[in-house]
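Student: Next up is a structure, given as structure tokens.
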Amino acid sequence: MHWGNQHRAWPRMITALTVAMLATVASLWLFMTGAPHNSDADLAASRLLSQSAGQIDPDYAEQPMAVRPAPAPIVITLTVDRTAPITAYLEEAGMTPAEAARWAASLTSVSYSRNLRRGHTLTLYKDPEDGSLRGIKYDLNENIAFRERSYGDGVIRAWQELITYVIQPVAVSFRLSGDFNRDAARHDLPRPIVATLRSAFAARHPLNRLPRGADVELIYQERVSRDGASREITGLEAAQIHFGAQTLSAFAFRDASGRVHLYDANGAALEPASLRFPCKFTYISSGFTFHRYHPILHEYRPHLGVDLATHYGAPVMAIADGSVEQAGWCGELGRCVRINHHDGLISIYGHLSAITPGLRTGQPVRVGEMIGRVGSSGLSTGPHLHFAIEKDGRYVNPLTASLGAHNHVSPRMRAVFERFKREYVAALDRLPAFSGHFNVGHQGSTALAGGAPGATGSVAVSGASASVTPALAIRTVSDRPLTR
Ligand SMILES: [Zn+2]
């Protein structure tokens, strides 16, 4: 397959995607040469790029203060598979020779080497909006990295820094010998990952009903501090469970909405894209009407939402992904939260007794995330949730409104999803059968996990016309469980 021909048809798709761990140089080239795009929707999607399943390097947060913060970069991490001049890599990544020479000269000034060496990790930070290179990180060894950054107008600065953590992909495969939870614990599967799998597959095949002999394969990521003392699970990347003639699949993918979700092999979302109601309630005490007798004001006025009667303190959840438009006091509605979703939809939650601490304007929220608790603040006769939906500035009946949920990978992202899926599946297929815990191709993980040195992941470097080759090399780290 020739990516050089394909990418021209894709430039708009390219912007909203990322997959760091699995990037090949071929796909890297595709990332780097993405043409600029102007659609507002694309820009909005790009600005939403904030966090993905472990793929964004949080260390990159050090940015100069700006009136409008730049959107988070697309992060591409790969392991250098041959020793070659820095310029060669950058040119393969789509830079012009002149650009590559400038970046290479700057990096050389701090690293005292013109080459990138085999087995070391290279991270590229790309502007999601115009495709330009914003920064480079090159790990010299487990403790020292060289960073380089563009400040615009051709100004590039390079410096050396201590590495404080690594993002470490971990692959696990095992054959079910009985109860899923027990086997998962025996194979050291972290609880957040078990919970993710459970909810992802709940509707298709509950994990506790999997037959003995089912083969479980998955890859997740963790963020490990340099001294190995702290580990944080950053999310499931991919999972497949084979039993009989069936395969359950889950692939993390960032769709046009800018959020990472899990999808099955057909591109259908595994998690609900929206909740029917934001809280559990006993009955609807007041419906949506333009003409209601108000119990406190004793006059007829519109009631442009529904009142969900429930107990004081009941948790209130965001009904869909979005960002906080307002969290605070809203007059008659008392303590309230407004969440801005895509497509001109806003959901409103009123009379809260409490708003989840730290919830601030502009902050992204995910479907099902708790935003506050039911109360009776504002103009209210007793504990209930006033729940309303605004569409294009007008209130609509929340009992009949559709949130326009994205239940599938969008058509324009489809080809990209298919390619990621292929790479994930190839990586899962390469897991040694049923043998436990592996670390996946991260140069820095060796010392942390106490395994044999030297083994690294590899990235196929064979130019832009290369076929897609999984970028993962699998190796067993240790016979003993990883310490957590
Ligand atoms: Zn109400």
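Student: To make sure I understand, if each residue's beta carbon is the centre and we count other beta carbons within 10 Å, what order do Thr247, Thr108 fall in, fewest to most?
Tutor: Working: Thr247 13, Thr108 17.
Neighbour counts put them in this order, fewest first: Thr247, Thr108.
Student: If you scale each eigenvalue of the Cα gyration tensor by 5 and take the root, what three semi-axes come out for the range 179-293, rounded to whole angstrom and sorted largest first? Intermediate results must be reported in sequence, preceding the final value.
Tutor: Details: eigenvalues 223, 82, 51 Å².
One finds semi-axes of 33, 20, 16 Å for the range 179-293.
Student: Need the full-extension length gain, Gln363 to Ser199, defined as separation in residues times 0.36 nm minus the C-alpha distance. One decimal, nm. List each step's numbers first, then the result.
Tutor: Numbers: separation 164, 0.36 × 164 = 59.04 nm, distance 2.44 nm.
Result for the pair: 56.6 nm of gain on full extension.
Student: In terms of Cα to Cα distance under 20 Å, which lysines are near enough to Lys137, apart from those fewer than 8 places away along the same chain?
Tutor: Lys126
Student: Do any chymotrypsin sites (Phe, Trp or Tyr not before Pro) in the range 246-339 lie in a DSSP loop with no more than 12 other beta carbon atoms within 10 Å, and if so, which? Kindly include the intermediate steps, with their values, before the conclusion.
Tutor: Values: sites: Phe251, Phe253, Tyr263, Phe281, Tyr283, Phe288, Phe290, Tyr293, Tyr300, Tyr312, Trp329; in loops: Phe281, Phe288, Tyr312.
Here the chymotrypsin sites (Phe, Trp or Tyr not before Pro) that fit, given the DSSP loop and packing criteria, are Tyr312.
Student: Could you run the Karplus curve 6.51 cos²θ - 1.76 cosθ + 1.60 with θ = phi - 60° over the range 144-152 and give me ³J(HN,Hα) per residue in whole Hz, x for Gly and Pro?
Tutor: Coupling constants for the range 144-152: 10, 10, 9, 10, 9, 9, 8, 10, x Hz.
Student: Calculate, in nm to one decimal, what Arg191 and Thr247 gain on full extension: separation in residues at 0.36 nm each, minus their alpha carbon distance. Walk me through the numbers on the way to the answer.
Tutor: Numbers: separation 56, 0.36 × 56 = 20.16 nm, distance 2.23 nm.
Gain on stretching Arg191 to Thr247: 17.9 nm.
Student: I've got another one for you. How long are the semi-axes of the equivalent ellipsoid of the range 253-360, defined as square roots of 5 times the Cα gyration tensor eigenvalues? Whole Å, largest first. Please list the in-between numbers first.
Tutor: Numbers: eigenvalues 183, 50, 39 Å².
They are 30, 16, 14 Å, listed from largest to smallest.
Student: Subtract the Cα-Cα distance of Ala229 and His291 from 0.36 nm times their separation in residues, and report this length gain in nm to one decimal. Could you put the intermediate results ahead of the total?
Tutor: Details: separation 62, 0.36 × 62 = 22.32 nm, distance 6.11 nm.
In short, 16.2 nm is gained.
Student: Among Ile389, Ile284, rank each residue by its count of other Cβ atoms within 10 Å, from fewest to most, as a rough exposure measure. Please list the in-between numbers first.
Tutor: On the way: Ile389 24, Ile284 16.
In increasing order of surrounding Cβ atoms, one gets Ile284, Ile389.
Student: By counting other Cβ atoms within 10 Å of each Cβ, how are Glu325, Glu299, Glu418 ranked from fewest to most?
Tutor: Numbers: Glu325 16, Glu299 8, Glu418 13.
So the residues, fewest neighbours to most, are Glu299, Glu418, Glu325.
Each value in this text was obtained by applying a stated rule to the coordinates, not by laboratory testing. Please read these numbers as outputs of a predicted model, since none were measured by experiment. Heads up, the Cβs are rebuilt from the backbone with ideal geometry, glycines too, and the neighbour counts pull from every protein chain shown.
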